[in-house]
Amino acid sequence: MSGEIYFSNNYRDLCVRNGTGAGFQFEFSCARCYDTWRSPFEAYVGERAATWLGKGVDVAWSLLGSAGRGVSSAADGLAGAGWGQARDHAFQQAIDNAEGHFNRCARCTDYVCGRCWNAAQGLCLRCAPDTAAEAMAAQQRGLNDMASQRAYAAGQQAGQGYDPSTPRQLVCPQCRTETHGAAFCSGCGYHLAQSTACASCSAVVPDGAAFCPGCGTRR
């Protein structure tokens, strides 16, 4: 196939090579939104004729013998020889038709559909976004940013009462239930993250002890 080829990276070949449904069809896609356009199906007459001839030979096989097989093989050969040229011609026609459904951006050189085209600027909407749409999107981003900032400030204020020095266990050592930092396990009631120092005399309190061995203060 000679000449310049357009849409070289955003088309699908839907051609059917064999059988009575043989023919040419190509699908082109927008480089921005990926919506597709398909060229009209064009039947490959050579292959269809060879297929029908082959069917006729099969029916008359008992009468024609090996001569019938020769006719069918010859028809298949002619159909196969003409496939490449016929496909190139159909592809060029499909490209010519597709150019009426897509626009080529002068900046990024992508082919885009009419919905992704900024006709006033002669560019795709990726390179030249719609002003009103961008303004609305920016307004929404500003609203979301301010809401996030206020929520963060509220979280900081609420965090003033949180004591980060308090020992916490996230998993109960007795039953392995997730505790989410609570003082007691919701699965078995185990008293979690008990301090090892007595609040009264600062003596070390053994794990599981209910009272301080130094002063007798209840843990």
Please give the solvent-accessible surface of residue 125 in Å², to the nearest 10, using a probe radius of 1.4 Å with every protein chain present. 40
If a/c stays under 1.5 just call it rounded; otherwise compare a/b with b/c (prolate if a/b is bigger, oblate if not). Do that for segment 84-174, with a ≥ b ≥ c from the square roots of the Cα gyration tensor eigenvalues. oblate
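The values are calculated or read from the model by the stated rules, or taken from the named source; none is laboratory data. What you are looking at is a predicted structure, and each value in this text was computed from that prediction instead of being measured. Each accessible area value is taken on the protein alone, full model and side chains, heavy atoms only, with ligands, DNA and RNA left out. Shrake-Rupley method; radii C 1.70, N 1.55, O 1.52, S 1.80 Å.
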